[in-house]
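Undergrad: Before we start, here is the structure in question, set down as structure tokens.
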Amino acid sequence: MVALLRQWEVRVGDTTDNAIGNNIRAVRVDAGLTQTEFAKRLQVSQTTVSSWETGASQPRRSNLFILLSEFPGLTLEDINSEKNGFARRSLRRSSDSQPEQAPLLGRVAAGAPRDAFPIEEYVAVPHSLHERYPNAFFLRVSGESMNRVLPNGCLALVVPESEVVNGHVYVFGTESGDFTVKRASVTEDRITLMPDSYLPGYEPIEFTRSGERPLPRVIGRVVWFTMPERFRV
């Protein structure tokens, strides 16, 4: 293990694009974990995991040691390699079997029951996620206000939930009938919809429980995302 870790900083320069981030994300998704749950196991923050997966930063050797310890059977090549890494192997493995699918829903009025949502198409979803969240559905993400965790144009996998837990990412229904995706900041007297973007200019949206403005309706919690085929290279 120590010898492998000493090679980490040398080999990391050989990767292209975001192989390390893609492999880490594939490990997390295969385990059926959210970024927050994965971060707890690796003893880092959710924002650190997000940064790894998007390629904004790379894990240190100490992070790698914990990762390999937490997931027995993983190798350095699984994380470091683009050609033989975990993401590529997961893709090959999933192509050998019929993938699970979840519906991609169209735009609807906030608060409408899930059964009333028009279905545009069905999108493949990892088996582990489908087993854990059988009622989940996809919605399109438009805009840059959450691009640290949800790239513009991605399809977000949403689990129907009505309760809001502080720090998680949710789809909220607005008064105009549109959707907005934000990270929830919850206190005793208010709910704040927080942007999570690399770009400046996005402001929190605050709701007080005793105010005249109605609280946003919770559509569901975002647990995963994928990119449409037209975005892939």
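The values are calculated or read from the model by the stated rules, or taken from the named source; none is laboratory data. Here the structure is a predicted model, which is why all the values come from computation and not from measurement. Cβ coordinates were reconstructed from backbone atoms using ideal geometry, including for glycine residues, and neighbour counts include every protein chain displayed.
Undergrad: I'd like the full set of residues that are surrounded by fewer than 18 Cβ atoms within 10 Å (Cβ to Cβ) and touching a residue at least 60 places away in the same chain (Cβ under 8 Å), limited to the stretch 39-50.
TA: Residue satisfying the conditions is Thr47 alone.
Undergrad: Hey, among Arg89, Arg41, which residue is of a type outside the set (Gly, Ala, Ser) and modelled with pLDDT under 80?
TA: Arg89
Undergrad: Arg213 - would you say it is assigned to a loop (DSSP other than H, G, I, E, B) and of a type in the set (Lys, Arg)?
TA: Considered against the rule, which asks whether it is assigned to a loop (DSSP other than H, G, I, E, B) and of a type in the set (Lys, Arg), Arg213 comes out as yes.
Undergrad: Which members of the stretch 128-157 meet the condition of being polar (S, T, N, Q) and in a loop (DSSP other than H, G, I, E, B)?
TA: If the condition is that a residue be polar (S, T, N, Q) and in a loop (DSSP other than H, G, I, E, B), then Asn135, Ser142, Ser145, Asn147, Asn152 are the ones that fit.
Undergrad: Mind checking whether some residue in the stretch 163-186 is more than 27 Å from Ala124 (Cα to Cα), outside any loop (DSSP other than H, G, I, E, B) and either not assigned by TED's automatic domain parsing to the domain that holds Trp224 or not β-branched (Val, Ile, Thr) (or both)?
TA: Yes, there is a match, as at least one residue in the stretch 163-186 is more than 27 Å from Ala124 (Cα to Cα), outside any loop (DSSP other than H, G, I, E, B) and either not assigned by TED's automatic domain parsing to the domain that holds Trp224 or not β-branched (Val, Ile, Thr) (or both).
Undergrad: For the stretch 56-67, indicate whether the set of residues that are more than 18 Å from Arg28 (Cα to Cα), in contact with a Pro (Cβ under 9 Å, 6 or more places away or on another chain) and modelled with pLDDT of 65 or more is non-empty.
TA: The answer is no; no qualifying residue exists.
Undergrad: Residue by residue through the stretch 155-184, note down the ones that are touching a Pro at 6+ places or on another chain (Cβ under 8 Å) and surrounded by 13 or more Cβ atoms within 10 Å (Cβ to Cβ).
TA: Residues satisfying the conditions are Leu155, Phe172, Gly173, Thr174, Thr180, Lys182, Arg183.
Undergrad: To continue, here is another question. With among the aliphatic types (A, V, I, L, M), surrounded by fewer than 16 Cβ atoms within 10 Å (Cβ to Cβ) and under 20 Å from the mean Cα position of the chain (by Cα) as the only criterion, which of Leu193, Leu199 stands out?
TA: So the residue among Leu193, Leu199 that is among the aliphatic types (A, V, I, L, M), surrounded by fewer than 16 Cβ atoms within 10 Å (Cβ to Cβ) and under 20 Å from the mean Cα position of the chain (by Cα) is Leu199.
Undergrad: Quick check on my filter: what residues within the stretch 217-233 are modelled with pLDDT of 80 or more, of a type in the set (Lys, Arg) and over 16 Å from Phe38 (Cβ atoms)?
TA: Once the filter is applied, which keeps residues that are modelled with pLDDT of 80 or more, of a type in the set (Lys, Arg) and over 16 Å from Phe38 (Cβ atoms), the stretch 217-233 yields only Arg217.
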